[in-house]
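Since every read-out is calculated from the coordinates, none of them should be taken as a lab result. No experiment lies behind these values; they were computed from the predicted model shown. Glycine also receives a Cβ, built like all others from the backbone with ideal geometry; neighbour counts cover every protein chain displayed.
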There are 2 protein chains.
Amino acid sequence: MEKTDVLVIGGSAAGLVAAVAGKATYPEKAFTLIRKEKQAVVPCGIPYIFGSLRGSDEDIMGDDPLTQAGVDIKVDEVIAVDQKEKVCKTRNGSDIAFDKLVFATGSTPVIPKWLKGTDLDNVFTILKDKEYIDSILAKMEGLKKVVTIGGGFIGVEVSDELNKRGKDVTIVELLPHILGLAFDEEITIEAEKILRSRGVRIMTGQGVKEILGNGRVSGVLLNSGEKIDADAVVLSVGYRPNTALASGAGLDLNDRGFIRVDEYMRTQNPDIFAVGDCAEKRDFITRRPSGVMLASTGCAEARIAGMNLYKLSTIKTFNGTIAIFCTAIGETGFGAAGLTETIAKREGFDVITGTFEGFDKHPSTMPGTHKLVIKLIVGRELGAVLGGEVIGGASTGELTNILGLIIQKRLSIDSMLTAQIGTHPMLTGTPTAYSLIQAAEVILRKQKG
Amino acid sequence: MEKTDVLVIGGSAAGLVAAVAGKATYPEKAFTLIRKEKQAVVPCGIPYIFGSLRGSDEDIMGDDPLTQAGVDIKVDEVIAVDQKEKVCKTRNGSDIAFDKLVFATGSTPVIPKWLKGTDLDNVFTILKDKEYIDSILAKMEGLKKVVTIGGGFIGVEVSDELNKRGKDVTIVELLPHILGLAFDEEITIEAEKILRSRGVRIMTGQGVKEILGNGRVSGVLLNSGEKIDADAVVLSVGYRPNTALASGAGLDLNDRGFIRVDEYMRTQNPDIFAVGDCAEKRDFITRRPSGVMLASTGCAEARIAGMNLYKLSTIKTFNGTIAIFCTAIGETGFGAAGLTETIAKREGFDVITGTFEGFDKHPSTMPGTHKLVIKLIVGRELGAVLGGEVIGGASTGELTNILGLIIQKRLSIDSMLTAQIGTHPMLTGTPTAYSLIQAAEVILRKQKG
């Protein structure tokens, strides 16, 4: 029987980080990462294989971080876990004994059972699998009309990229706006405006009744009765956690089907951890179970699991997801962290919001200047920042990370008003009206008024 | 006699922010801003007038923020302040009575007295004055060879911009490296490499003995005896605070010649404040007097002064400068906040440093990906971040601001290791190896042994 100290199941972002952070913390232990795929793709990069990148070979995670850290890689699939004996059984017939086990089994695109036509040829999902993505690319070659069902960030990113490659793309979204779960309405409207100006058709508030076709896709029938011609359909209506293995091993799942974990990322078995899309999430602020799946959140969980494998640290716990994320449509970035105004109000928070529209360079006559909008959502009594949204240029991602830090550290509006920031004509907005501080001043004025 | 509640002297960044933030906090008070210049230029934008912008008209602060806030603007010069009577006398013969006074009188380029030839024609300084800058631009028209004396960030930025316009530029710097006060050596070497590759000549460790010429500049004589031909010289060897007015009024200056202030930005007279380049600065970490002059620091001080004019708040104090700043050479950004390793060690801190070199997009095959280097300087025992440096692309400024927040909030390496960050292929590095967290991991490994 093979033997390892720590066995990580799954080779995407969270699995990789759990193994590398764990090995760095406990260098004396043997670490093995087992994954099904010969080559792991960079999950966030997948939409860009359809446009900006020259193919899936440009979106490979690479094994260097693992091998350099001294983690063994095994390409195989765990098909059963024996908690009592502490042994995993693999598809290729191996038995691997472990001391600690980490589930990083990820998630799979949802294919709605009630939707007719999902089995037609040229109906695709965005599966995190290189060979499958390559097969989509090959099939897409001669096709022109693409309908994307679902306007979340995967649907939007894939659509924008396919549009870059000259496809005729239509997004059909059930909610009133695309990206409607991540942003407040005024931000989503801006996203729709930009995406439309780039040539993507968007139909919102529209349910899909059926995917039409005979053997292969020919169109999409909406609940309204309208038919849209389609040579291909991209189904991006969400992901569900891969938990059959965990559940088969007797580990608890929560009501949403995620593997239950505590703040050290441990399952009910203290020797078994779960991280990433398969692991239970709780919202940092509302404390409610969350369905958010993000590689960056998964990596934060994985780092915490890795550090706590053999020795717990109350300082290194995962205290709930702030759902921090960003995306780009053309040259415009969109970012969000914490609660949106909509969700904060629905959850019962008494909030004040402050929005400021400035620029990402200064003076705004500098070449390449982009509009920069910051919206803050602040708890009225506490004055702490509960959430923030950004529309900007190339610095949108890191601006969103500033918001993320402010939320995680429960910083107040006061600490933003007194913050020292660095500014430069090419790299930031003006020091006299830095958008983040200006938005805080809007809040201050509302607090007083 | 004219009368106002709050009189702000100086119309550059700090003066503007003091007036606007003050008026927003105390809307019932009358605010007047008095400045010499008809039009105030954006200070940080001045170097870019020499290249990226089409002239000084594109670098105007504009009066809108003041007029919209309800601040009166007066173009005139205060020539005397009577503390006892609370009256300012102006060059145009007005007497203005005030209740509170804010000095935002800024700074002026240093012209070394011992240096021969500074009075020659075509010897320029970077004075924050639109008409003077316009006159340099006009005189530069037909000139080819420029020598910049002083390789601080103003010297570097102006040189890079003049080089863009086809000038033949040489920087002469006394220290071993350009930008040597802001960054550690390895970062300055990178800056020199990039600047040289763009065609700027750099001579470091070289003192200037004399500016040569007969009526107008013909060259620069170095201490080494070498002569460099020059049609023009840009003298950028530092700035000194404008404090003659304050000192004439009987206000205390510190040893370095700045107006003494407390953490509310008050002078010894509680009705008189000072902010920006003319105001005393203390280092946030070393607690020593600092000579750092940055518009962004000045604006932070000004915001604090504005809020404390009539009602003090212990929450809103200025606790010392973190000297946070960023600059760009071509497409490459350079940023720093807090202490460099060199300064930390010189001041007696026991530090651990961690440097990580990654990318600003992911996978690094994404178009436009730029190398991203983060260096952290951490107190060995406390584990708190004392300083950080960044080399990167378009997100360098906001990444530096993340470091700034970490330093100001005295966050530890642990809180970086457990931080949730948002990532996106176009906008940030990879979640599996985000440079800031990776640099923290380097520190962690060194801490352990």
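Restricting the count to DSSP beta bridges whose residues both fall in chain B, what percent are antiparallel, rounded to a multiple of 5? DSSP beta bridges in chain B are roughly 60 percent antiparallel. Quarter the surface of the alpha carbon convex hull of the range B:385-435 and you get the mean projected area, 3.6 square nanometres. In sequence order, the range A:388-399 has phi-based couplings of x, 9, 9, 10, x, x, 5, 8, 4, x, 6, 5 Hz under the Karplus curve 6.51 cos²θ - 1.76 cosθ + 1.60, θ = phi - 60°, and Gly or Pro positions carry x.
Once you treat every alpha carbon in the range A:1-101 as an equal point and sum by Debye, what is log10 I(q)/I(0) at q = 0.10, 0.11, 0.23 Å⁻¹? Taken in order of the listed q values, log10 I(q)/I(0) reads -0.30, -0.36, -1.15. The residue list A:GLY298, B:VAL385, B:PRO109 was ranked by how far each Cα lies along the charge dipole of the protein assembly as shown toward its positive end, using unit charges on Cβ atoms, and B:VAL385 comes out on top. Using the Kirkwood radius built from alpha carbon pairs, what does the Stokes-Einstein equation give as D for the range A:1-43 at 37 °C and 0.692 mPa s, in µm² per second? Roughly 302 µm²/s, to the nearest whole number. Summing Lys and Arg as +1 and Asp and Glu as -1 over all other residues whose Cβ lies under 10 Å from the Cβ of B:ASP99 gives a net charge of +2. For the range A:273-360, applying the loop criterion from DSSP together with a ceiling of 11 other beta carbons within 10 Å to the trypsin sites (Lys or Arg not before Pro) yields A:ARG287, A:LYS311. Across the range A:123-237, Cα pairs under 8 Å and at least six residues apart give a relative contact order of 34 percent. A simple spin-label model places the labels of A:LYS371 and B:ASP82 5.3 nm from each other, with each point 7 Å out along Cα-to-Cβ. Note on the range A:149-249: Rg/Rh from Cα positions, Kirkwood definition for Rh, rounded to two decimals, is 1.04.
For peptide B:296-303, the mean count of partner chain Cβ atoms within 10 Å of a residue's Cβ comes to 6. Orientation-averaged projection of the range A:140-199 equals 3.8 nm² [convex hull of Cα atoms, one quarter of hull surface area].
Here the spin labels are modelled as points 7 Å beyond Cα on the Cα-Cβ line, and at B:ASP121 and A:LEU382 they lie 6.8 nm apart. Across the range B:256-386, the convex hull enclosing all Cα atoms gives 151 Å³ per residue.
Across the copies of the chain, A:ARG201 has label points (7 Å from Cα along Cα→Cβ) spaced 6.3 nm apart, shortest distance listed first. Below 8 Å, C-alpha to C-alpha, sequence gap of six or more: please give me the relative contact order for chain A in percent. Once normalised by length, the contact order is 13 percent. Rounded to the nearest angstrom and listed largest first, the equivalent-ellipsoid semi-axes of the protein assembly as shown from its Cα gyration tensor are 52, 30, 28.
Averaged over the residues of A:61-67, the number of partner chain Cβ atoms lying within 10 Å of the residue Cβ comes to 1. Label positions at A:SER135 and B:LYS345, each projected 7 Å from the Cα along the C-beta direction, are separated by 5.8 nm.
Between A:GLN68 and B:LYS113, the C-beta separation translates, for a Förster distance of 51 Å, into a calculated FRET efficiency of about 0.35. Counting beta carbons within 10 Å around each of A:ILE171, A:ILE304 and listing the fewest first gives the order A:ILE304, A:ILE171. For the peptide A:326-333, the mean number of other protein chain Cβ atoms found within 10 angstrom of a residue's Cβ is 3. As an exercise, take the mean of 1/r over every pair of distinct alpha carbons in the range A:206-306, invert it, and state the Kirkwood radius in angstroms. 16.1 Å is the Kirkwood radius here.
Report the net charge of residues surrounding B:LYS371, where surrounding means a beta-carbon distance below 9 angstrom and charges are Lys +1, Arg +1, Asp -1, Glu -1. Net of charged neighbours comes to -2. Pairs of C-alpha atoms in the range A:317-357 farther apart than 14 Å represent 64 percent of all such pairs. Restricted to Cα atoms, the range A:331-448 shows a radius of gyration and a Dmax of 13.6, 44 angstrom. Phi-derived couplings, Karplus 6.51 cos²θ - 1.76 cosθ + 1.60 at θ = phi - 60°, listed residue by residue for the range B:49-66: 4, 7, x, 5, 8, 8, x, 5, 5, 8, 10, 9, 5, x, 8, 3, x, 6 Hz, with x used for Gly and Pro.
Shortest first, B:GLY93 label-point distances to identical copies amount to 10.8 nm, with the label point at 7 Å from Cα along Cα→Cβ. Alpha carbon centre of the range B:53-112 versus the range B:282-360: separation in Å? Using only Cα atoms to place each centre, the spacing works out to 26 Å.
Computed over the range B:314-449, relative contact order equals 28 percent, with contacts defined as Cα pairs under 8 Å that lie 6+ residues apart. Put simply, the Cα atoms of the range A:277-337 extend 45, 22, 21 Å along their principal axes, the longest span coming first.
All other residues whose Cβ lies under 12 angstrom from that of B:ALA336 are scored, Lys and Arg at +1 and Asp and Glu at -1, for a net of -2. A Förster distance of 22 Å, applied to the separation of the beta-carbon atoms of B:ALA97 and B:ASN269, puts the FRET efficiency at 0.90.
DSSP bridge analysis restricted to the range B:33-183 gives an antiparallel fraction near 50%, rounded to the nearest 5. Residues A:GLU398, B:GLU341, B:GLU141, A:GLU226, arranged from fewest to most other Cβ atoms within 10 angstrom of their Cβ, appear as B:GLU141, A:GLU226, B:GLU341, A:GLU398. What separates the B:ASP76 label point from its copies, with the point 7 Å along Cα to Cβ, is 8.8 nm, written shortest first. The C-alpha radius of gyration of chain A, expressed as a fraction of 2.2 N^0.38 Å, stands at 1.02.
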